[in-house]
Amino acid sequence: MTSQIHKEFLKATTKLRIIVLVLLILTLPIIKFVLVKDNYVYYRQLEIFLRTNSDFVPILFPIIMVLAYSIYFVSEQSNNYLQYVNSRMSLEKYFSSKLIVNATISFITAFLIIFLPFIFIMYIEPLLNIITLSPAGENPIPYTTFEQLLTYGTLSYGALYSFWIGVNGALYASFSMLLLMLNKQPLIAFGVPFIYYTVGNFLTQLLSIDQFSPTLSLFPFSISQQQIWTIFIPFSILFMINIVLFLILIRSLRRSYE
């Protein structure tokens, strides 16, 4: 199993795929930073970071996670590569290694897409003085859910928040990969997690329970500060979806051996 995981990591880290991942991690935050740096009044450095992570990344988050690794699995299915694999090892072992690599790469991608802009905006941008902060005065400053982590220090906040996004990124990527392994339909496998993500956000807003939105549990920048436990409700649902899909996959594979 370990050797197979190692092989999958080697296949996943070709020069071309690394370039794609770098572009995936940097492109949207850079574009967003350029768009917002002169169009808003900022009272805190952290507000620049929050604004940079609004719109693009929150809206496209499940799609970004698919592009990190899952999408490459489509070619293996379409080229009947799995039949060759099945003659050398069990598909259960092969799929498990794929899921581990997928989750790992997606976690790293999601973590860096948040953490790198955080480091730049909080520590490098002030030295470059690209954006001038305004005195808050009597202007109200909105505080978001994850700012409760600032009690552990600014860097700890950035690392913990990025870790949270990374874990959720791995779950959305696994959601897609598991669906792809089960039904072999890329449109369904890649579309269903995105639909769950967007429809879940719409329904929670409709029911006035925004704090349990799949989107706002990750990027809660458009609602007031909530208790930290609220973010674990949508997380638990997503986690259980992955567990159920994984169990269905294992059961399906084992039945095929009977």
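The values are calculated or read from the model by the stated rules, or taken from the named source; none is laboratory data. What you see is a predicted model; the values in this text were computed from it and never measured. Methodologically, a virtual Cβ is constructed for each residue, glycine included, from the backbone with ideal geometry; neighbour enumeration extends over all protein chains shown. Surface accessibility is based on the protein's heavy atoms, side chains included, excluding ligands, DNA and RNA. Shrake-Rupley method; radii C 1.70, N 1.55, O 1.52, S 1.80 Å.
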Problem set entry | Filtered residues of the stretch 213-258 (kept if touching a Ser or Thr at 6+ places or on another chain (Cβ under 6 Å), among the polar types (S, T, N, Q) and in a helix (DSSP H, G or I)) | Asn242
For this session: Could you identify the single residue in Val22, Val34 that is open to solvent by 60 Å² or more (accessible area, probe 1.4 Å), more than 22 Å from Gly169 (Cα to Cα), part of a helix (DSSP H, G or I) and modelled with pLDDT of 85 or more?
Result: Val34
Exercise. Is it the case that the stretch 221-236 has a residue that's among the polar types (S, T, N, Q), at pLDDT 95 or above and closer than 27 Å to Leu112 by Cα?
Worked result: yes
Problem set entry | Complete set of residues in the stretch 237-251 that are open to solvent by 60 Å² or more (accessible area, probe 1.4 Å) and either in contact with a helix residue (DSSP H, G or I) (Cβ under 7 Å, 6 or more places away or on another chain) or at pLDDT below 90 (or both) | Phe239, Phe246, Ile248, Arg251
Exercise. Being within 18 Å of the chain's Cα centre (by Cα) and either surrounded by 16 or more Cβ atoms within 10 Å (Cβ to Cβ) or assigned to a loop (DSSP other than H, G, I, E, B) (or both), is that true of even one residue in the stretch 147-158?
Worked result: yes
Exercise. Of the residues that sit in the stretch 40-62 and are over 18 Å from Thr198 (Cβ atoms) and not in a loop (DSSP other than H, G, I, E, B), which one is most open to solvent (accessible area, probe 1.4 Å)?
Worked result: Arg51
For this session: Considering each residue of the stretch 196-212, count those that are of a type outside the set (A, V, I, L, M), over 16 Å from Phe232 (Cα atoms) and part of a helix (DSSP H, G or I), and give that number.
Result: 4
For this session: Could you tell me which numbered condition Thr132 fails, if it satisfies all but one of (1) outside any helix (DSSP H, G or I); (2) at pLDDT 95 or above?
Result: (2)
For this session: For the stretch 200-208, state whether one or more residues are surrounded by fewer than 18 Cβ atoms within 10 Å (Cβ to Cβ), of a type in the set (Gly, Ala, Ser) and under 19 Å from the mean Cα position of the chain (by Cα).
Result: no
